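So the structure is just underneath, and the comments pick up after that.
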């Protein structure tokens, strides 16, 4: 990637080495690298300078595990990348909202989170379909179940959804802003609460970043225990969602068993650290609790038992013709659309995209123990359900190997102050997909800028695309097959 | 059909025998903290400095811990040089009065059962509308767990309903973001009188880890008349079940 500063996952570089290119060169180099098969990891403001806003682009070379960084400085507008590269569309909407920089030529700069000082939430124009017999169905922010708030607007013709508008921001609580100026005693807890069902994922992404910026190496045992936390989180959420899918088609036996099994996995996490969500465990420098041999033995026993019951429960799912009839060819996301939109995680893999941070950006965490990456095809609700199950199987296989040889060393290494004037990215494959944390430090080694990209940020638009042409009654199924995070998106 | 029956036999009966038997909780579970002022070292304020949410204060009378702010991270117990703070296995944390959440020694929060007339009105059921207002979805996940076969809150007549019009009250989670304020208050207004308000989790009670963020309201305590406070980050499903059953006078 010519013109880019080359780095990797959790590899800090000096801010002074970050290329600041003229706008034309920046656009040209970014678009040319994307055209050559690189992937857009991030497009964001980075800092306010006296001459304008510094924009940062981060591109991934997934085959080599490399990350390229390049920046430019713009006054108050620049020619948008979105018309040339659709995956930039959401980043540019966010850029406009957070930094006031207008990407000229962007099709529609709708608000992303409705932060303070902007338009009031809900007061926004939606994409509208007009014509005889066309109608709109508006849902939310308060949904019918115990679900986070968000607004959905379906443009329908009869039962058929022509287009779905998704408008979020109701969970916006200022997480990124609160992390700036740290690290302090609240930082790790803010990381754990970016998305409660991904506490281990975001805590690991945060810790990996802080360790990179402070030059801290954790012990092999600490990395192993983090992988245990991450994989348990993956299994619990996937099996819970399979149960929720069963519930949505009214197949209650599998719904009940999977719901119970999700809790059993959460209880294994609680056995290891005291919290069902894995809180209070992953800390900068390693882990706060080190389970003894007896507990690890108990964990293997519990996992083996849960695996037997999970197999039994999902076997009912796959053999139920009524469930298959509802899920097959429903909510299809083509591989082309997944690539064009920059989708990550199980929904991308279920559409045939072979991409997983655990293998492509292993870092010390998954070095030498990346699991087999399951890649599906079809991209429909059934493919996403099957993808979840295959990822559970792979996670169990990984845990089985890992717990046989959990490594040695102190659970917690001391963490020094952060290197001044540096930048680093941290990638972790959470259960929903790629979690990205990025930070820069100031001259005193404090966090000057902190950016979080939850996989939901990339994937919400894919749900809207998957719903096109579908029956509105299939929305719950489609939605559950993605199960995206509102709080992780809203921050 | 036959396969489904076989699976049913295999998966077994899983509902916890609560409240007839105490819940089974892991040894590391961090429940109700107990403070021992006698052990407290004069001039030491390490617990206060370590607390990420300002839940702790130390006065001459000893340490004071506000369960409404506590996220049960256990940092204070870890840094205390005198072991004056201990997180016990006690899952019973809910209280009717905000002031009762402030612990000074080995005190326990108290839940007053609802007035007799209201209990008669509710009969054997409690229908709640859950309002998710800006947290991390951790509390929502544990509220959802109340519906699974292990906790099975519906065997006590406790259910979560889709419409505020069908509800006897609201159970709020999250610090109440500015962006959710109007929707949350309007949902509350849509519930018919008499109605209950339950604040579940540190965020809804005090703002939790998001306290003082200009994007949120530090919880609902100043905006809605709260009948039951359920501490935790998130509260364990047994903590929620215990609070709800006490409120209904069933425990």
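The numbers here are math on the coordinates, done by the rules we state, and not lab data. All values reported here derive from a predicted model rather than from experimental measurement. So basically every Cβ, Gly included, is an ideal-geometry build from the backbone, and we count neighbours across all protein chains shown.
Structure values in brief
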read-out: Scope the stretch B:22-67; condition within 14 Å of chain A (Cβ to nearest Cβ), crowded, with 16+ Cβ neighbours inside 10 Å and assigned to a loop (DSSP other than H, G, I, E, B); matching residues; value: B:23, B:25, B:26, B:28, B:29, B:30, B:31, B:32, B:51, B:52, B:53, B:55
read-out: Sole exception among (1) under 29 Å from residue A:258 (Cα atoms); (2) surrounded by 15 or more Cβ atoms within 10 Å (Cβ to Cβ) for residue B:101, by number; value: (1)
read-out: Single condition residue B:109 does not satisfy, out of (1) crowded, with 21+ Cβ neighbours inside 10 Å; (2) within 14 Å of chain A (Cβ to nearest Cβ); (3) over 27 Å from residue A:171 (Cα atoms); value: (2)
read-out: Hey, residue A:277 buried (at least 22 other Cβ atoms within 10 Å of the Cβ), in a loop (DSSP other than H, G, I, E, B) and within 12 Å of chain B (Cβ to nearest Cβ) or not; value: yes
read-out: Selection status of residue B:16, in contact (Cβ under 8 Å) with a residue 60 or more places away in the chain, more than 9 Å from chain A (Cβ to nearest Cβ) and over 14 Å from residue B:103 (Cβ atoms); value: yes
read-out: Within the stretch B:73-100, considering residues that are in a helix (DSSP H, G or I) and within 12 Å of another protein chain (Cβ to nearest Cβ), the one farthest from residue B:235 (Cα to Cα); value: B:79
read-out: Scan of the stretch A:83-96 for residues that are in contact (Cβ under 8 Å) with a residue 60 or more places away in the chain and out of contact with any strand residue (DSSP E or B) (no Cβ under 9 Å at 6 or more places or on another chain), ordered by number; value: A:86, A:89, A:90
read-out: The one condition in (1) at the interface with another protein chain (Cβ under 7 Å from one of its Cβ atoms); (2) assigned to a helix (DSSP H, G or I); (3) in contact with a helix residue (DSSP H, G or I) (Cβ under 6 Å, 6 or more places away or on another chain) that residue B:143 fails to fulfil; value: (3)
read-out: Strands (runs of 3 or more DSSP E) lying entirely in the stretch B:156-251 (those with 3 or more residues that are more than 24 Å from residue B:15 (Cβ to Cβ)); value: B:169-173, B:196-200
read-out: Filter pass, residue B:70 being under 29 Å from residue A:195 (Cβ atoms), more than 8 Å from chain A (Cβ to nearest Cβ) and part of a loop (DSSP other than H, G, I, E, B); value: yes
read-out: Single match in B:10, B:110 (criterion: in a loop (DSSP other than H, G, I, E, B), farther than 30 Å from residue A:282 by Cα and without any contact (Cβ under 8 Å) to a residue 60 or more places away in the chain); value: B:110
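To keep it simple, each residue is scored yes or no on (1) over 30 Å from residue B:3 (Cα atoms); (2) touching a residue at least 24 places away in the same chain (Cβ under 8 Å); (3) surrounded by fewer than 18 Cβ atoms within 10 Å (Cβ to Cβ).
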{"residue": "A:244", "(1), (2), (3)": "no, yes, no"}
{"residue": "A:254", "(1), (2), (3)": "no, yes, no"}
{"residue": "A:262", "(1), (2), (3)": "no, yes, no"}
{"residue": "A:265", "(1), (2), (3)": "no, yes, no"}
{"residue": "A:287", "(1), (2), (3)": "yes, yes, no"}
{"residue": "A:292", "(1), (2), (3)": "yes, no, yes"}
{"residue": "A:311", "(1), (2), (3)": "no, no, yes"}
{"residue": "A:316", "(1), (2), (3)": "no, yes, no"}
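Yes/no matrix, rows are residues, columns are (1) without any contact (Cβ under 8 Å) to a residue 24 or more places away in the chain; (2) part of a strand (DSSP E or B); (3) touching a helix residue (DSSP H, G or I) at 6+ places or on another chain (Cβ under 8 Å):
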residue	(1), (2), (3)
A:16	no, no, no
A:29	no, no, no
A:43	no, yes, yes
A:53	no, yes, yes
A:57	no, yes, yes
A:68	no, yes, yes
A:71	no, yes, yes
A:81	no, no, yes
